[in-house]
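All remarks here apply to the structure that follows.
The values are calculated or read from the model by the stated rules, or taken from the named source; none is laboratory data. Source: prediction; values computed, not measured. Cβ: placed from backbone, ideal geometry, glycine included. Neighbour counts: every protein chain shown.
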Amino acid sequence: MPGQGSLPRLLRRYMRERGVVPEQLARMAKINRNGLWHWLRDDVDRQCGLTNLLRVANALNLPKVCASRLLLVAGHPDVDHLLRYPVGVEEPDLLARWRDAGPHNLPSPLTSFIGRQEEVFDLGESLAWNGPRLLTLTGPGGSGKTRLALQVARAVLDVFPDGVWFIPLDTITDPTLVIPAIARTLRVGGASGQDLPERLQAHLGRRRLLLVLDNCEQVLGFAPDLAALLTAAPGLKCLATSRAALRLSGEHERPVSPFPAPDRTAAAAELAENDAVRLFTTRASAANRRFSLTPSNAAGVAEVCARLDGLPLAIELAAGRSKQLTPEAMLRQLNTRLDLAIDGPNDAPARQRTLRAAIAWSYHLLAIE
């Protein structure tokens, strides 16, 4: 959760984005001007601020990702939580603007999203405001690029009335097949292969939509085709994941790093707040309902996460062994990261079921490049 002290900074940034000053905002939101100044000085009454904060978010016409960030820094639940459980919302109509979203085909994850909340906010705001039209998440295999991209895409569904469309490219090795894959997802047909790029550009036209292109690393040669789409369709934005940048003009690259390593000497309560440890604990509890983080095993869990360099895929695969191994037993077997994390879920892509497969995938890409 963002720090409580960031509320004035966040409010002022959103006001600058919309070009309003405090007096204007107070009138637009129909709230007390002095109360708004209290917020801008970080003097927040969390017991009665929810309704007025929602009024401010509506007056500023904030997208959901920005409204959620504003609510969280003031100590309130985010918009999605309030839509499900509107406890304390005195004026339900204040949530109406965020109930509807554009169409999408985003897959629904079967596991909870852990950590990276600030990254979701930063990336979501970049897509929602007048940020880059091509945002590429880069990082090593298993760093969580796809999961982060999906979380960001869900956070901005209300921003793109013509939809948010997920196009997985992990099974494609020929760059010329990317445009047909996009066209199939958007249901654009009726043209020969030679005419398809022009037909797709005409379809996009003035539509406002987001393409989520996942696993671009083995089809980097399609980048000029993507540039042509972005040029032809001013309302199009693209969120890409790749182990290497697409190297297009206007591309903003955002590296996705592994989780910070936990302090192995910290107490269990402190370790429980570390994202790597939280991920291990959550996935281990799913694999073994009797597992929990305790003072007796916390150091072992932290050591496993540290030895795995905070890599989310490695941590998840290791945590899946919790039914057979304690953290201490994992450490004894952890001669190399490859030998421990051997069995991933059957519904995961083959390259994500083992660390050996992830590394083999990277090695395979060297030949493609």
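Quick look at the values:
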item	result
Conditions (1) at pLDDT below 95; (2) closer than 17 Å to F121 by Cα; (3) surrounded by 18 or more Cβ atoms within 10 Å (Cβ to Cβ): number failed by M1	(3)
Any hit, region 198-205, residues being surrounded by fewer than 17 Cβ atoms within 10 Å (Cβ to Cβ) and touching a strand residue (DSSP E or B) at 6+ places or on another chain (Cβ under 7 Å)	no
Residue in region 16-32 that is modelled with pLDDT under 90 and over 29 Å from G115 (Cα atoms) present	yes
Selected residue (only one of P295, P312 is farther than 18 Å from Q324 by Cβ and crowded, with 17+ Cβ neighbours inside 10 Å)	P312
Members of region 152-184 found to be assigned to a helix (DSSP H, G or I), of a type in the set (V, I, T) and surrounded by fewer than 16 Cβ atoms within 10 Å (Cβ to Cβ), listed by number	T176
Options L246, L220, L230; residue that is closer than 25 Å to A101 by Cα and surrounded by 17 or more Cβ atoms within 10 Å (Cβ to Cβ)	L230
Count of residues meeting criterion [out of contact with any Pro (no Cβ under 8 Å at 6 or more places or on another chain) and of a type in the set (D, E, K, R)] in region 126-163	3
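Yes/no per residue for (1) in a loop (DSSP other than H, G, I, E, B); (2) under 29 Å from I315 (Cα atoms); (3) in contact (Cβ under 8 Å) with a residue 12 or more places away in the chain:
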| residue | (1), (2), (3) |
| --- | --- |
| R199 | no, no, yes |
| L210 | no, no, yes |
| L213 | no, yes, yes |
| T241 | no, yes, yes |
| A244 | yes, yes, yes |
| P260 | yes, yes, yes |
| A266 | yes, yes, yes |
